[in-house]
Structures are given as C-alpha cells and as structure tokens.
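Visitor: Quick one: structure below, then a few questions.
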Amino acid sequence: MFPIVKQEFTSSFKSIKAILLILFLTITSVFTASYLTRHPELLAGVNQPSAYTSSIKFFILFFGFLFVAALSHDIINREIETRTIRLLVTKTSRLRIVLEKFLGSLLFWCTTLTINFLIVSLYAQQWFWMDYLTVLIVILYITSFNIFLSTMITKPGLTMFLGIFLGIVVPIIGLWSAFSEKWYLVPFQYILPYHAVIISGTLLLLPVLWSGLFLTISYLTLKRKDL
C-alpha cells in the first residue's frame, strides 16, 4: 500500500552506514545507562531523566543533521539524477512521492531512537516520555529539512557537501542563538529547533510547523519540475 515508504525504510537498514550508526547509538546508550545504574551517586542533585537520556539527546542535537545527511542526503535528487523518478510519477502522484520518502526516512529514525529509549528505560525502570517526544520532534524537523534540501538541489554531490557543512554549522548557530539575546540571532531561535527544545512546552510545536512548511515547499517544487 505504501511501497515507497517500505523501500526507503528497508533500504536504510541495509546500508552499512546505517548499521554502524545504529550500533554506535545503541552502544553509547547502553554504556551511559549502565554506568549511571552502577553509580547512582552521580545522579544526586541532577535531573535523573535528563541524565539517563543525555547521550541520545546529545548525539541527535549535535550530530542529527550530519547523521541524516550521511544516510539520505540524496533521497529525492538521486531519483531525479538517475531518471527513476519518471517511473515513479507514472505510478503515483508527486505529493505521495514526497510524503512517502519522508515517512520512510522518518520511520527508520523513529525505530532507531525507540530501540535506544527502550534500552535506557530498562536500566532506569521508567519511560522518559518528554525526552522521547522532544527527540522525535527534532528528528522530524531534520528529516523534513533533508527532503527540502534534496528537492531544491538536484545534484547529490552538492547536497552531500551542504549536508556536512550545515551539520556542523547549524548546531553551533542553533545553540548559540538559544542562549544568546543578540538581536541578529533572534530569528534563529524560531527557525531552528534548539531554542524550542530548551524552552520546551508549546514552543515544541514550532519545529513541527516548520516541518510542514519544508514538505509543502518540497512538493510544490517537485510539482513544477520538468522531469
């Protein structure tokens, strides 16, 4: 029923890079959770949920853009460059291509993060709902932005370069703006998800709205492309 979703999801798990990434995140989560379980004195005076999930949040906030770009920077423009998108548009709409590509990639990341949170929860003997929701919102934003970038730029090599560049620059600007009151950084507080993650609450809806905007622009751009 959703062949593109299935194809993106399964192909992500078949990638060597994806397997290494999953192992890296899982091993890090296990090490952090087990270490804190053996040394509960380290949790004195700190927010325990934040401590247990710190490694997951750290890697997604600091390296999420790099991780997503490394695995699927060419998620749309690969199909355009190889002309396989011509076959896709004869079988389904361009809107479904964008949405299913997005959902396939998002499902991969949701599965990976859920596994890591389950591991941490087994050690902590509780489920960290707020941290889990926050991380999923960040990955939702990053995945939709990746779709946007891959649609706007038709060269896979260029999106790989930009993915690496933005993966380094965006966290720096995002975290700097989140803790700064300088006027020229204020726009980044509302464009990037970092300020919303730190403030939390209803502000977390902002990255979701941005995700919707990224996908809408991606669809409209693909709709106008001469394939």
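Bear in mind that the values in this text are calculations on the coordinates, not laboratory data. The structure presented is a predicted model; accordingly, all values stated were derived computationally and were not measured. When we count neighbours, we look across all protein chains shown, and the Cβ atoms used for this are built from the backbone with ideal geometry, even at glycine.
Visitor: Given a cut-off of under 8 Å on Cα pairs at least six residues apart, what relative contact order in percent is computed for the chain?
Guide: About 28 percent, as a whole number.
Visitor: Restricting to DSSP loop positions (anything but H, G, I, E, B) with no more than 12 other Cβ atoms inside 10 Å of their own Cβ, which trypsin sites (Lys or Arg not before Pro) remain in the range 74-174?
Guide: For trypsin sites (Lys or Arg not before Pro) across the range 74-174 that sit outside H, G, I, E and B with at most 12 neighbouring Cβ atoms in 10 Å, the list reads Arg83.
Visitor: Quick check on the exposure proxy: order Trp127, Trp183 from fewest to most C-beta atoms within 10 angstrom. List each step's numbers first, then the result.
Guide: Numbers: Trp127 13, Trp183 7.
By the 10 Å Cβ count, ascending, the order reads Trp183, Trp127.
Visitor: Excluding residues fewer than 8 places away in the same chain, name every one of the lysines whose C-alpha is closer than 27 Å to that of Lys17.
Guide: Of all the lysines, those that pass the test against Lys17 - Cα under 27 Å, at least 8 places apart if same chain - are Lys6, Lys57, Lys101, Lys155.
Visitor: For a footprinting-style exposure proxy, rank Ser180, Ser150 by other Cβ within 10 Å, fewest first. Could the numbers behind the result be given before it?
Guide: Working: Ser180 15, Ser150 25.
Exposure proxy ranking, most exposed first: Ser180, Ser150.
Visitor: Compute the normalised compactness of the range 81-209: alpha-carbon radius of gyration over 2.2 N^0.38 Å, N being the residue count.
Guide: After normalising by residue count via 2.2 N^0.38 Å, the value is 1.24.
Visitor: Apply the Karplus parameterisation 6.51 cos²θ - 1.76 cosθ + 1.60, with θ equal to phi minus 60°, to every residue of the range 169-185 and state each ³J(HN,Hα) to the nearest whole Hz, in sequence, with x for glycine and proline.
Guide: 6, 4, x, 5, 5, x, 6, 4, 5, 5, 10, 10, 10, 5, 4, 6, 9
Visitor: I need Leu133, Leu107 ordered by Cβ neighbour count within 10 Å, fewest first.
Guide: Leu133, Leu107
Visitor: Seen from all sides and averaged, what is the projected area of the convex hull of the Cα atoms in the range 3-224, in nm²?
Guide: Mean orientational projected area (the range 3-224, Cα hull): 13.0 nm².
Visitor: Ok, one more. Express in whole angstrom the spacing between the alpha-carbon centres of the range 171-222 and the range 105-123.
Guide: Taking the Cα centre of each part, the range 171-222 and the range 105-123 sit 23 Å apart.
Visitor: Same structure, new question: For the Cα atoms of the chain, what angle does the longest principal axis make with the long axis of helix 3-14, in degrees from 0 to 90, nearest 10?
Guide: So the helix axis and the longest Cα principal axis differ by about 50 degrees.
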